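To start, the structure under review is shown below, and the notes come after it.
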Amino acid sequence: MSVNQILPFISTALMLGFTIYVLQRYFVRHAPPFLFWGLGLAMFGLGSFAEAYLSLAWSPAVFVMWYLFGAILNPAWIGQGTLYLLFKRTWVHVLAGILILASLVSAGLMLSIPINGSAFQLGMPISQQYKAIIPPASFNLILIPTIIFGTYGLVTLVGGALWSAYLFWRKRVLPNRVIGNVLIAAGALLIAFGSELTHLGYGQFLYLAEFLCSVLMFIGFRFAARPQPNEGPQPVAAAASVPAK
């Protein structure tokens, strides 16, 4: 097996552990940030799992899952968790409602487009051949939610992480959360760069970007969640959390 066939399996395992880690905190604290982060991470993991599966066999359902969860939805859901952490306002609930509705519409859109399975080539990363599998007219249609969800997720996640890091740095407190949020932002920017390269036709770099993103964000989240001396376990106060593919 090539490196591009192995990396999705590793990323999937990392995302599974990361998702369990975050959702456990939601079930203990019932805080909305952990719920949206956990669901967004689960979507990231489903996208990685789909890449791993499609390296071994073809399935139109798995392909739809790969694009829907890996390319469209997950960055916005993770970013929504960051908004819930940073702002305790009614408008955040409104945005969450819009996000859920838009996600359902995007899912319906993905399920309705024709899939050209005959164009699939076993052994080639799906990130290098997906444009041949989706007819051009349909691809132009689903590109709209891809851009909207991706931009929303990138701005809220990276912006929230860097803003949180700046606040802790300015107050000269909790240096672990400064480092953690910087790592989270770096991971998010890395996967955004990998996704952009994929759209430009260099999909062979996406799996490496996903793996490095998973590692950076998990380390960053653990750093940000680490209690300080004389501090009990806390919610991750300003840890903005992960990926966009």
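The values are calculated or read from the model by the stated rules, or taken from the named source; none is laboratory data. Quantities reported herein were computed from a predicted structural model and do not represent experimental measurements. Reconstructed Cβ throughout: ideal geometry from the backbone, glycine too, with neighbour counts over all protein chains shown. Just so you know, the surface numbers come from the protein's heavy atoms only, side chains and all, with ligands and any DNA or RNA stripped out. Shrake-Rupley method; radii C 1.70, N 1.55, O 1.52, S 1.80 Å.
Quick look at the values:
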quantity: Accessible surface, the range 1-102, averaged per residue in Å² (probe 1.4 Å); calculated: 42 Å²
quantity: In sequence order, calculated HN-Hα J values of the range 166-180 (Karplus, 6.51, -1.76, 1.60; Hz; x Gly/Pro); calculated: 5, 4, 5, 5, 5, 7, 6, 10, 6, x, 4, 7, 5, 4, x
quantity: Dipole magnitude (debye, nearest 20) for the chain, charges at Cβ of Lys, Arg, Asp, Glu; calculated: 820 debye
quantity: Top of Phe218, Phe34, Phe193 by mean-square fluctuation, Gaussian network on the chain, Cα under 10 Å; calculated: Phe193
quantity: Length-normalised contact order of the chain in % [C-alpha pairs under 8 Å, at least 6 apart]; calculated: 24 percent
quantity: Euclidean distance between Cα centres, the range 145-219 to the range 74-99, Å; calculated: 17 Å
quantity: Accessible area of the chain belonging to carbon and sulfur atoms, whole % at 1.4 Å probe; calculated: 74 percent
quantity: For the chain, calculated [θ]222 nm from helices alone, where every DSSP H run of n ≥ 4 adds -39500 (n - 2.57); calculated: -25000 deg cm²/dmol
quantity: Selected from Leu157, Ile10, Gly45, residue furthest toward positive end of dipole (the chain; charges at beta carbon); calculated: Leu157
quantity: Prolate/oblate/rounded call for the range 57-211, Cα gyration tensor, a/c under 1.5 rounded; calculated: oblate
quantity: Highest-MSF residue in the chain out of Phe168, Phe221, Phe87 [GNM, Cα springs under 10 Å]; calculated: Phe87
